[in-house]
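Let me begin by presenting the structure, written as structure tokens, before commenting on it.
The values are calculated or read from the model by the stated rules, or taken from the named source; none is laboratory data. As the structure is a prediction and not an experimental result, all values here were calculated from the model. Here Cβ is always computed from backbone atoms with ideal geometry, including for glycine, and neighbour counts include all displayed protein chains. Just so you know, the surface numbers come from the protein's heavy atoms only, side chains and all, with ligands and any DNA or RNA stripped out. Shrake-Rupley method; radii C 1.70, N 1.55, O 1.52, S 1.80 Å.
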Amino acid sequence: MAAPGENMRVNADRLWDSLMEMARIGPGVAGGNNRQTLTDADAEGRSLFRRWCEAAGMTLGVDRMGTMFATRPGTDPDALPVYVGSHLDTQPTGGKYDGVLGVLSGLEVIRSMNDLGIRTKHPIVVTNWTNEEGARFAPAMLASGVFAGALGLDYAYARTDPDGKTFGDELKRIGWVGDEEVGARKMHAYFEYHIEQGPILEAENRQIGVVTHCQGLWWLEFTLTGREAHTGSTPMNLRVNAGLAMARIMEMVQAVAMEAQPGAVGGVGQAFFSPNSRNVLPGKVVFTVDIRSPDQTKLDGMRAKIEAEAAKICAALGVGCSVEAVGHFDPVTFDPTLVSAVRNAAEHLGYSHMNIISGAGHDACWVAKVAPATMIMCPCVGGLSHNEAEEISKDWASAGADVLFHAVMETAGIVE
Ligand code: HGY
Ligand code: MN
Ligand code: MN
């Protein structure tokens, strides 16, 4: 059964108001957000979150990756905390809810516990992970990857953005280098509440996604070397055309992902041409292939095929080809006990629900390596995300937050 306190609900208006207030920081150009990690806007959002946490009576710890941990004490000082978290950084053309909903719903759980005078055995920690998106500094889920021991701190600090600025310098610049060793914290459990970022829950008319798994991912960064030449006076048979090689590789990635259906995706979201001049054939093209699948064999098979076929495409055009994996995590199975706590909470609260596999990656994917972890999802309009038009309803937002509230209370243990 879900936690006692049959009628526990979050304050839906307060949650929604907090989402809208955070959305005013780092506004986009079309109603969404551009609050990229380690920018001044990110720093402003972090300060607002810190003020809210301190006003709710929590104490803040920060680790050397800048991840924020706000703690509400439990009655048992020896009990490991229950963590609730997600991320406040956004894509350059991001929505108002991706990541933010999970962080601010965690805060809303604390605010509601305060309203109801609830005490728990285990402490509760609300977490804002640094650089979940991986938009400015690849890979995605960078801080949680270091926390889980999958990525090194020095590797993370050396990551550069397109302007050549390093993660470490930017973290120092905004004044958010904490003193805690990354990964020193031990967790009793971790919950992440997130919008689905896909069309399934809305199409199936379900309020809650009980997330059982998350698909794995490879980010393959290709660097193709052609020969800079005049686009007008260079005969077609004399070209060493890296742009053409990229186009053929992108077409091939689409074909490999379609051959791997169902349960596979592949595409390219970022490409850079050098010198990127309209009438110069590119000497260098750098682009990242993003492939994902919940099936390990299928995921790794796609990677092998894409790398082999890309080498053939480039050889046929005389284009140089190198590839580096700049992001990866294996498919994840979330903790069955926590998954059941989420399902029990949804049933207890009378919310429609279904099992779902997360299409997007989340910090929970790395946390699951070092602690029992799971996720809760709510629908989003049209399944749209990583788009400023990302939208959810207030009812969807609060239903998921209610489920989070009950699942966390059940796991943290209410003390009468
Ligand atoms: O790439 C992802 O899946 C996440 O949005 N960082
Ligand atoms: Mn996210
Ligand atoms: Mn995202």
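Below are the figures for this structure:
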{"read-out": "Enumeration of residues in segment 159-186 that are open to solvent by 40 Å² or more (accessible area, probe 1.4 Å) and in contact with a Gly (Cβ under 7 Å, 6 or more places away or on another chain)", "value": "177, 180"}
{"read-out": "Odd one out for residue 322, checked against (1) open to solvent by 50 Å² or more (accessible area, probe 1.4 Å); (2) not in a strand (DSSP E or B)", "value": "(2)"}
{"read-out": "Helices (runs of 4 or more DSSP H) fully within segment 330-415 counting 2 or more residues that are more than 21 Å from residue 263 (Cβ to Cβ) and within 16 Å of ligand 1 (Cβ to nearest atom)", "value": "363-367"}
{"read-out": "Close pairs (9 angstrom Cβ cut-off, 6 or more residues apart or separate chains): open to solvent by 60 Å² or more (accessible area, probe 1.4 Å) in segment 6-17, outside any loop (DSSP other than H, G, I, E, B) and of a type in the set (Phe, Trp, Tyr) anywhere", "value": "9/405"}
{"read-out": "Criterion violated by residue 96 - all others in (1) open to solvent by 10 Å² or more (accessible area, probe 1.4 Å); (2) under 24 Å from residue 403 (Cα atoms); (3) part of a helix (DSSP H, G or I) satisfied", "value": "(3)"}
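Per-residue answers, yes or no, for (1) within 16 Å of ligand 2 (Cβ to nearest atom); (2) in a loop (DSSP other than H, G, I, E, B); (3) over 25 Å from residue 361 (Cα atoms):
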residue	(1), (2), (3)
8	no, yes, yes
46	no, no, no
69	no, no, no
104	yes, no, no
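One line per residue, one yes/no per condition, for (1) open to solvent by less than 60 Å² (accessible area, probe 1.4 Å); (2) of a type outside the set (Gly, Ala, Ser); (3) under 16 Å from the mean Cα position of the chain (by Cα):
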residue: 368; (1), (2), (3): yes, no, yes
residue: 375; (1), (2), (3): yes, yes, yes
residue: 380; (1), (2), (3): yes, yes, yes
residue: 385; (1), (2), (3): yes, no, yes
residue: 390; (1), (2), (3): yes, yes, yes
residue: 398; (1), (2), (3): yes, no, no
residue: 403; (1), (2), (3): yes, yes, no
residue: 413; (1), (2), (3): yes, no, no
